[in-house]
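Please read the structure below before turning to the comments.
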Amino acid sequence: MKEISLRTDRRCQLLDITRQVEEAVVSSGVSDGICVIYVPHTTAGITVNEAADPSVASDISGTLSRLVPAGAGYSHTEGNADSHIKSVLVSPSITLIIKGGRLVLGTWQGVFFCEFDGPRARKVLIKVVAG
């Protein structure tokens with residue numbers, strides 16, 4: 001298993017971590033199998049989406065913030081209830097296919113760490129399994 005350490009600089013932010021995930025796959029030596037990417041935080045998530053145009057990540061972040069606004073009278077009074085809800089909508093893990101020693105991603109796809117309660121120090125766990 002590989003652990004990636006990240007530092008976010010905004011409350012709501014998507015970081016492209018495709019390169020780090022690909023490096024974990026290559027260093028594993030697995031030619032065919034799966035790659036599980038897990039975020040062990042209750043106010044963050046992981047997703048796959050377009051990485052070619054950075055405005056897509058910005059649009060996703062902005063839309064989630066409008067759909068689930070901060071300070072909207074939630075019962076959870078710690079001040080980050082919206083962050084917990086956003087993480088449920090996005091998911092804490094994804095599984096990707098590995099073929100020929102590389103991630104199987106579409107032409108424009110990338111892997112994004114999704115921060116909903118930053119800025120913070122975060123980690124992402126990557127497990128590569130042969131098969």
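Taking the range 22-44 as the range and being among the β-branched types (Val, Ile, Thr) and either open to solvent by 60 Å² or more (accessible area, probe 1.4 Å) or within 23 Å of residue 86 (Cα to Cα) (or both) as the test, the residues that pass are 26, 34, 36, 37, 39, 42, 43. Could you check the range 44-92 and list, in sequence order, the residues that are over 15 Å from residue 13 (Cβ atoms), in a helix (DSSP H, G or I) and among the aliphatic types (A, V, I, L, M)? The answer is 67, 81, 85, 88, 89.
Give the number of residues within the range 45-57 that are surrounded by fewer than 16 Cβ atoms within 10 Å (Cβ to Cβ) and either within 17 Å of residue 111 (Cβ to Cβ) or acidic (Asp, Glu) (or both).
3
Taken over the range 73-131, the residue count meeting the criterion of being farther than 22 Å from residue 43 by Cβ, open to solvent by less than 50 Å² (accessible area, probe 1.4 Å) and aliphatic (A, V, I, L, M) is 5.
Whenever a residue of the range 46-61 is in contact (Cβ under 8 Å) with a residue 60 or more places away in the chain, its partners that are open to solvent by 50 Å² or more (accessible area, probe 1.4 Å), lying with C-beta atoms within less than 6 angstrom and at least six residues away or across chains, give the pairs 48/109; 50/108; 51/16.
The values are calculated or read from the model by the stated rules, or taken from the named source; none is laboratory data. The shown structure was predicted, so the numbers you read here are calculated from the model rather than taken from an experiment. Here Cβ is always computed from backbone atoms with ideal geometry, including for glycine, and neighbour counts include all displayed protein chains. With ligands, DNA and RNA removed, areas are computed over all heavy atoms of the protein, side chains included. Shrake-Rupley method; radii C 1.70, N 1.55, O 1.52, S 1.80 Å.
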